[in-house]
Amino acid sequence: MRLAVGARRLRIGTLAGLLATILLVAVAGLATLLGIGGLHLGTTGSGAPDAEAAGALVSGIPFALGLWRLLAMLRRIERGEVFEQATIADLRGFALWVLVSSIASIVAPPLLEFLLGLVRGGDSLTVTLSFESGDFFALLVSALLFFIARLFGEAQRIADDNRQIV
């Protein structure tokens with residue numbers, strides 16, 4: 001019972017986070033597409049799209065998909081399906097989308113900066129690839145989620161073995 005209550009609370013918080021992520025991605029996307037430089041969202045001073053903001057969009061979409069999978073997992077846990085195959089698959093899906101989002105947040109800004117530099121032309125092109133502690137933490141959390149999913153899978157296998165013995 002307590003597990004179901006905790007899962008419900010987490011699901012409500014995750015839903016709020018998903019809605020906030022969708023809203024931020026939509027606002028940043030519109031600002032990038034419309035070239036609203038005064039908002040400092042998605043454009044450089046010249047009105048051209050900002051690679052950093054576009055990279056945030058590219059990483060925000062998979063993160064929202066990951067939150068969707070987390071919602072599905074928490075819904076299953078609320079119903080008592082803790083070590084079921086579908087719950088474990090949702091946890092793996094969440095971990096995968098967190099990993100994709102993390103990699104996109106590292107790779108997308110310099111890649112978009114490079115592509116925008118090619119489109120604009122010019123004599124020289126400078127691209128910066130940065131790997132900050134937040135990026136490392138996100139990759140670490142993703143690896144931890146995959147490990148937890150593996151533990152859940154092993155627990156599910158042991159539970160199935162025990163059911164067959166009795």
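We did not get these values from a lab; they are worked out from the coordinates using the rules stated. Note that this is a predicted model, so its numbers are computed, not measured. Every residue, glycine as well, gets a Cβ built from its backbone with ideal geometry; the counts of neighbours run over all protein chains shown.
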### Message
Give me a comma-separated list of calculated 3J(HN,Hα) values for the range 70-79, in order, Karplus coefficients 6.51, -1.76, 1.60 applied at θ = phi - 60°, integers in Hz, x for any Gly or Pro.
### Response
5, 4, 4, 5, 5, 4, 5, 5, 4, 7
### Task
Work out how much length LEU34 to LEU140 would gain on full extension: take 0.36 nm times their residue separation and subtract the Cα-Cα distance, in nm to one decimal.
34.6 nm
### Summary
Per residue convex hull volume, Cα only, the chain, in Å³ is 121
### Query
For the charge dipole of the chain, defined by +1 on Lys and Arg C-beta atoms and -1 on Asp and Glu C-beta atoms about the Cα centroid, which residue among GLY60, PHE152, ALA104 has the Cα displaced farthest towards the positive pole?
PHE152
### Task
Return the single residue from ASP135, ASP90, ASP123 with maximal mean-square fluctuation; model: Gaussian network over the chain, springs between Cα atoms under 10 Å.
ASP123
